[in-house]
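Okay, so here's the structure we're looking at.
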Amino acid sequence: MESLQDTIAAVATPLGEAGLGVIRISGPTAISIANRIFRSKKVHDLNQVPTHTCHFGVITAMNPSPLAPPPQQGEGNRQTYPLPAEGEGKGEGLIDEVVVSIFRTPHSYTGEDVVEISAHGSPFVLQTVLNLCLREGARLAGPGEFTQRAFLHGKMDLTQAEAVADLIRSKTDQAQAAALAQLQGHLAAEVRSLRNDLLPLLAHIEVGLDHSDEDHAFLRREEFLKKCGRSQAALDQILASARLGKILREGLRIAIVGRPNVGKSSLLNALLREERAIVTPIPGTTRDTLEESVDWDGIPVVLTDTAGLRSGSSDLAERLGMERTRQAVAQADWVIGVFDGSAPSTPEDRQVMEACLPKPHVWAINKIDLPSRWDSGAFSGPYGQAPVAPLSAKTGVGLDRLVQWVKTLALKETSSTGQAQWLLNARHRAALERARDALRRAREAAQSEAFEECVALEIQSALQALGEIIGETATEDLLDQIFSQFCVGK
Ligand code: GDP
């Protein structure tokens, strides 16, 4: 971890042409660094302005600027700054007109002195202003370092810091709402309340589960088991929403599979027209298939079409096609099996049905605008369980019903715990599972009348695991690992 004594700076907005771009500076010398590159008719010294104020002026590469007032007592060191680089003298080395916002410690995002320079959103301007900050003594911020400082100064706990990243990445209203709830501390509050429930249990053990007075010992043990069980159930309930958290973060994956020419791509396109497409791609998706993201009632959905299948009709191409279909099914949460209703079913269709069975699925009989030649007995035996949606990707008939079915069926499963109450990530989940397992072992130990120390040890490890979630017992390595996943400027 880098020193908190450094003043750090970075461009906080994406590098591209935009109306505005923001350079963020944080640390003990943030304000004086900004003061050395900022000139304003009204403000002569940013060090003197109150917190939470904005000031219009210019950023200049020339230091000191001829516009600056003569140095006053105690300001003599202003004279010693480096001379402007060659060419900077023209126009007094002016870089841009900006608004500078001042936030003084501790009332800032990081808890330190923070300056935000809002410039015009030109990558060149932003880089030049950043370079000036670095020239004046700031260090380039590492990934997530602003948020890491906010965490280290107690401005937010670890779940809130993670929520910043989730909020920035959220693509639908449900994902955004869940991330915001976490940013506002909902998950942390739940974890703290679980810890507060467990702490008295430790005291309970210290008094002694077994006591010479048999009746009291029995009561204490019963009570301990009951309370421990209650915490265990609460953990189970939070863990039940883990799947929804994953879906909100990564999207619900629905694969569209079928033999060549049944109309998979046409169906994908028709579904995209029907729904609101999400333009930003979801990272980490497979490349073999065509993928598009849509917003289904707040749940980000990734539709994949096994497009690679149409590569010819040789045996090898067909075998590769089936392999791709199987892969697509394996990676999907849900599957739409597509068949050509204007042709009799083929052995290949059968293979497709077979491949779909391991995952929840619906059958789409496409091309119903053409005379039907599909045999009604095609979906028999194990294939007869799924809903069948006759439709035409070409005319749009039947599409609504398919969408409604998949939405209802797929979303029912994800909303079992109500709405997205917690946006659990893999780290939270692992820690919650550790806490739950420790509580289970604590109860078993108490039931089997093991030594009290064993019971106490398990409660302590549950407390430790819960503490890790909010960062109270997190190691430096864990913190570095979490914050390194952020972008620079966050
Ligand atoms: P894929 O190979 O399964 O992706 O199939 P495509 O989407 O490329 O469609 C294969 C052919 O079937 C194309 O010529 C489409 O225009 C046609 N097609 C797709 N859906 C329909 C439909 O609902 N009705 C009719 N009449 N033709 C369709």
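Here, each number is a calculation from the coordinates, and none is a lab measurement. Bear in mind the structure is a predicted one, so any value in this text is a computation, not a measurement. All Cβ positions, even for glycine, are placed from backbone atoms using ideal geometry, and neighbour counts span all protein chains on display.
Values computed for the structure shown
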read-out: Relative contact order %, the stretch 146-211, counting alpha carbon pairs below 8 Å whose residues are six or more apart; value: 25 percent
read-out: For ILE256, distant residues with modelled amide H under 5 Å away; value: THR304, ASP305, THR306, ILE336
read-out: Cα-based shape type of the stretch 1-41, given that a ≥ b ≥ c are square roots of the gyration tensor eigenvalues and the cut on a/c is 1.5; value: oblate
read-out: Within straight-line cross-link reach of LYS42, lysines at Cα separation under 27 Å, skipping those fewer than 8 residues along the same chain; value: LYS90
read-out: Over the stretch 339-490, relative contact order from alpha-carbon pairs under 8 Å, at least 6 apart, %; value: 15 percent
read-out: Highest to lowest packing among 465-475, 37-47, scored as the average C-beta count within 10 Å; value: 465-475, 37-47
read-out: Residues with amide H under 5 Å from that of ASP96, placed H, sequence gap 5 or more; value: ILE59
read-out: By average C-beta atoms within 10 angstrom, highest first, the peptides 476-485, 399-408, 171-180; value: 171-180, 399-408, 476-485
read-out: Residue-by-residue Karplus 3J(HN,Hα) for the stretch 353-365, coefficients 6.51, -1.76, 1.60, Hz, glycine and proline x; value: 4, 4, 5, 7, 3, x, 10, x, 8, 10, 9, 10, 9
read-out: For peptides 438-444, 365-371, sequence by mean Cβ density within 10 Å, most packed first; value: 438-444, 365-371
